[in-house]
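The numbers here are math on the coordinates, done by the rules we state, and not lab data. Please read these numbers as outputs of a predicted model, since none were measured by experiment. When we count neighbours, we look across all protein chains shown, and the Cβ atoms used for this are built from the backbone with ideal geometry, even at glycine.
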Amino acid sequence: MDWFITVIFLIVFCNSWIAFGENTFDVLKYGAKGDGTSDDTQAFEKAWNDLCGANQGTPTLVVPSGHTFLVHQTIFKGPCKSKNLHIKIDGNILAPKRNAWGSCSKRWLHFHTVHGMTVDGSGVINGRGDDCIAIKGGSQFINVTRVTCGPTTHGISVGSLGGGKDEEFAESITVKNCTFNGASSAARIKTWPGGSGYVKSVIYDQIIVNNVVNPIEIDQHYMGTPEKKEALKVSDVTFSNIHGTCSGENPIVLDCAKIGCDNINLSQISITQVNPKKPSKTICNNVKGKTNVNVSPSLHCVQT
């Protein structure tokens, strides 16, 4: 499931600017119930629309604590007027059960072509499977901090990008101080063979993984797709200060296309097996970069 952050600018109730101020948009003020069962999708969409239209200071969408908001699949579409958006998640956001998803079953909260946004807070995003957050094509200057994901989600992903031979890019992405519990993935970049464009300047830092199948992953053969002539270029990626436990056989997977991934840096990583008797190995193909001695399990296949 891909979590997309998309910004749609619509003209909504004029009095919203007076009631809530021009910079803070609390979803409760837009009619959200926050009881975990009522559909709060429209309230989130209305709050996002006003957020996207604001251009002074740091426009902030607030998901308040003490509430659980059921939100169905939706698209938050950009570009927005401000390049300094803030989404503060202190409450819980809950996806519908899988059998209630529509035809676009891999996309839940779709943030698209957003330039300059920070997502943080003490709340929980419960996607009930697939990506917790997916940062899609056209995204720049995105900061995700203090987000807890899991269980069973696919982590915080850049991508997937390049599907259908599309040309896409994503750059200047920072994911920091996040925790993944019982997830299938955590720090993940995924692209389709046959696409074009690039992914660059991505940082995953200060990450805790608890019982995660694939904690660190660059997958340029998404969904097992064979190598093709065209591929997105992945470069300038840092994985640092990542600690915890792994339930799969491959804690670190760097599977790059033949054009290669450049300047991939790993440091201060300690990931141990939940089951000490289970074999553990790292995988890397066509990777240039560097690692230091404080990377465990060790990764000797990165070319300097």
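Worth pointing out:
- Once C-alpha pairs closer than 8 Å and six or more residues apart are averaged by separation and normalised to the residue number of region 158-298, the relative contact order reads 22 percent.
- Proxy reagent accessibility, fewest Cβ within 10 Å first, across Thr68, Thr272: Thr272, Thr68
- In terms of other Cβ atoms within 10 Å, Ser184, Ser65 run from fewest to most in the order Ser65, Ser184.
- Karplus-based coupling profile of region 109-122, in residue order and whole Hz: 9, 9, 9, 10, 6, 9, 10, x, 8, 10, 10, 8, x, 9, with θ = phi - 60° in 6.51 cos²θ - 1.76 cosθ + 1.60 and x standing for Gly or Pro.
- Sorted ascending by nearby beta carbons within 10 Å, beginning with the fewest, His154, His243 become His243, His154.
- Amide hydrogen neighbours beyond the local backbone of Leu161, cut-off 5 Å, H modeled: Lys190, Thr191, Trp192
- Cα long-axis angle, helix 41-53 against the chain (0 to 90 degrees, to the nearest 10): 90
- 3J(HN,Hα) couplings calculated from phi for region 262-267 with the Karplus curve 6.51 cos²θ - 1.76 cosθ + 1.60 (θ = phi - 60°) are, in sequence order, 10, 6, 9, 10, 10, 8 Hz; Gly and Pro show x.
- Distance from region 253-296 to region 169-196 (C-alpha centre basis), Å: 15
- Cα-Cα over 29 Å, subset of Lys228/Lys290; Lys165/Lys281; Lys77/Lys200; Lys83/Lys258; Lys229/Lys288: Lys165/Lys281; Lys83/Lys258
- Selection from His72, Asn275, Gly34, by position along the positive dipole direction of the chain (Cβ): Asn275
- Each part gets one Cα centre, and for region 100-155 versus region 209-233 those centres are 18 Å apart.
- In Hz, Karplus ³J(HN,Hα) per residue of region 35-40 (6.51, -1.76, 1.60; θ = phi - 60°; x = Gly, Pro): 9, x, 10, 6, 7, 9
- Relative contact order of the chain, pairs being alpha-carbon contacts under 8 Å that are 6 or more residues apart, as %: 12
- Packing, taken as the mean count of other beta carbons within 10 Å per residue, orders the peptides 213-222, 275-284 from highest to lowest as 213-222, 275-284.
- Kirkwood-based Rg to Rh ratio, region 15-296, C-alpha trace: 0.98
- Amide H contacts for Thr245 (H built 1.01 Å from N in the peptide plane; partners 5 or more residues away or on another chain; cut-off under 5 Å): Val209, Asn210, Asn211, Val212, Thr272.
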